[in-house]
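The values are calculated or read from the model by the stated rules, or taken from the named source; none is laboratory data. Since we're looking at a predicted model, the values are computed, not measured. Positions of Cβ are generated from backbone atoms using ideal geometry, with glycine treated the same way; all protein chains shown enter the neighbour counts. Only protein heavy atoms, including side chains, enter the accessible area calculation; ligands, DNA and RNA are left aside. Shrake-Rupley method; radii C 1.70, N 1.55, O 1.52, S 1.80 Å.
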Amino acid sequence: MAGTGVFADVLEGDVYKYYADGEWKKSSSGKSVAIINPMTRKTQYKVQACTQEEVNKVMESAKTAQKSWAKTPLWKRAELLHKAAAILKEHKAPIAECLVKEIAKPAKEAVTEVVRSGDLVSYTAEEGVRILGEGKFLVSDSFPGNQRTKYCLTSKIPLGVILAIPPFNYPVNLAVSKIAPALIAGNSLVLKPPTQGAVSALHMVHCFHLAGFPKGLISCVTGKGSEIGDFLTMHPGVNCISFTGGDTGIAISKKAGMIPLQMELGGKDACIVLEDADLDLVAANIIKGGFSYSGQRCTAVKVVLVMESVADLLVEKVKAKVAKLTVGAPEDDCDITPVVSESSANFIEGLVKDAKEKGATFCQEYKRDGNLIWPLLLDNVRPDMRIAWEEPFGPVLPVIRINSVEEGIHHCNASNFGLQGCVFTKDVNKAILISDAMETGTVQINSAPARGPDHFPFQGLKDSGIGSQGVTNSINMMTKIKTTVINLPTPSYTMG
Ligand code: G3P
């Protein structure tokens, strides 16, 4: 159970502690932040409201700890990460319980998130050993005007202190996707978890604590964004920010100093359906892509662009599957569970009302109870409706009927977002041409958008992000190239 057994140190009274200097601590603010259970809409947990002074201390310790961590052999860093991964998986049940209670993730998906996270940490340890164990050797005489008098050795060195800010929808998985690459590359890590999801993240951090990482190397501060948000992201002690979330990321990137940024800020992933597509496959992927975790995924299918000639049939097939989705409590492992907050539910409702006023066809009756919104397919959506462009982050999916592939590509590319997209057709040649034309970081052919497997590159164009993620890219992103040049007194060519 959360906050008990091996996790007992994390909790005192009814407030979870923050993690600094290898210890669980209470904030000197004496204040806490409430985490509301999206299902009951009552306070489920409380976390410390950390102060700016506490952030300063964490940054200092992170800087000191990083210096000796960078000198820790790579195999030893990997060994500790493997240990943390095993502990994380061993304690998947209490961590999953937190995910269910604070972000209403369906019970089985919550367990999957923790297991996937353990796998990600182990894979990162192995990949790090491989790619950080190699450098480059260059000779000078390939560049015009040079003799072979210089040998250049390159290696990858850590950046320093990495600030990781994951979102509420994967507070464990999208935290470890930042923590593990940072640590294997020799950096220290300061984690600011989302408020909804903070307790899951604290439990995950405790698994790293139990694995025995040096004190100060990993810290986790909780609190109000208004108090410590900008203070963290603009802190002079931070050498790199890895952020996943909404358009707050745009504000962060404008305020951050001259440091590397890794940003993933959502998407409006289009699903283009051609006339020759296997409509049963499309319908299954629309359900999985559009409605899993109630549509609260950056990579969810967020607009279906279907050729008019097959639209009626596709909508019928999707409608039949929507009718089978179970709606209710995450504890009961329902397909559709409450969205994360009341304000999120209100925002979704605003999009639905706008679509109603402008004449969209409702394939189901709109139904809401608190934060719980029943799955809704909106047909005959037109570009003048907000839902055609905005990200609901909820179980509401618009269908736009198109008369040409070009029309579909045009709609996809007119979006400010460019995370992923997908195209369904049996003609692979056409699919490749469409993929090339879509301005998104990834295009899936004959499957719904998804980030995983976690070693695949993951990136967004335009407002969807900066840089690329995925295990290998994240390790590389959290390092710098260092070169040492050996200058020889005379040119040195191979003998003979
Ligand atoms: O930020 C990415 C996340 O929202 C989607 O990840 O694994 O559900 O495709 P995934």
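Here are a few things to note about the model shown:
- Exceeding the 24 Å Cα-Cα cut-off - candidates Lys46/Lys255; Lys31/Lys92; Lys136/Lys178; Lys67/Lys482; Lys63/Lys156: Lys46/Lys255; Lys31/Lys92; Lys136/Lys178
- Three-way shape label, region 1-126, alpha-carbon gyration tensor, a/c 1.5: oblate
- Counted charge near Val315, where neighbours are those whose Cβ lies closer than 12 Å (Asp, Glu -1; Lys, Arg +1): 0
- Straight Cα distances below 17 angstrom link Lys224 to the aspartates and glutamates Glu53, Glu54, Glu102, with same-chain residues fewer than 8 positions distant left out.
- Per residue, the chain exposes an accessible area of 41 Å² to a 1.4 Å probe, with every protein chain left in place.
- Net charge dipole size for the chain [Lys, Arg +1 and Asp, Glu -1 on Cβ; Debye, nearest 20]: 1640
- On region 240-362, 54 percent of the accessible area sits on carbon and sulfur atoms, based on a 1.4 Å probe.
- Among Gly408, Pro392, Ser344 - extreme Cα towards positive end, dipole of region 330-444, charges at beta-carbon: Gly408
- From its DSSP helices (H runs of at least four residues, each -39,500 (n - 2.57)), the chain gives a residue-normalised ellipticity at 222 nm of -11500 deg cm²/dmol.
- Each 5 Å bin from 0 upward holds the following percent of the Cα-Cα pairs of region 361-482: 2, 9, 15, 19, 18, 15, 11, 6, 3, 1, 1, 0, 0.
- Cβ-based charge dipole, the chain, positive-most Cα from Phe424, Val303, Pro166: Pro166
- A Stokes-Einstein calculation at 37 °C with viscosity 0.692 mPa s, built on the Kirkwood radius of region 251-378 over Cα pairs, returns a diffusion coefficient of 200 µm²/s.
- Farthest positive-ward along the chain dipole, Cα basis, beta-carbon charges - from Val115, Val221, Ile35: Val221
- Cα-based shape type of region 55-135, given that a ≥ b ≥ c are square roots of the gyration tensor eigenvalues and the cut on a/c is 1.5: oblate
- Applying the Kirkwood pairwise sum to the alpha-carbon positions of region 296-447 produces a hydrodynamic radius of 16.3 angstrom.
- The distance separating the Cα centre of region 407-428 from that of region 262-303 comes to 11 Å.
- Helical segments meeting 30 Å axial Cα length and Kyte-Doolittle -1.0 threshold in the chain (DSSP H): 107-132
- Whole-Å semi-axes of the ellipsoid equivalent to the chain (Cα gyration tensor, √5λ, descending): 40, 32, 18
- Straight-line cross-link reach from Lys105 at under 13 Å between alpha-carbon atoms covers these aspartates and glutamates, not counting any fewer than eight positions away in the same chain: Glu97, Glu113, Glu331, Asp332, Asp333, Asp335.
- Listed peptides 42-54, 214-226 by packing density, highest first (mean Cβ within 10 Å): 214-226, 42-54
- Within region 19-106: Cβ-based charge dipole about Cα centre, in debye rounded to nearest 20 (Lys, Arg +1; Asp, Glu -1): 140
- Here the Karplus relation 6.51 cos²θ - 1.76 cosθ + 1.60, evaluated at θ = phi - 60°, turns the backbone of region 420-426 into coupling constants of 9, x, 9, 9, 10, 6, 8 Hz, with x for every Gly and Pro.
- Distance from region 433-479 to region 109-140 (C-alpha centre basis), Å: 17
- Charged side chains reduced to their Cβ positions (Lys and Arg at +1, Asp and Glu at -1) give region 259-337 a dipole of some 220 debye around its Cα centre.
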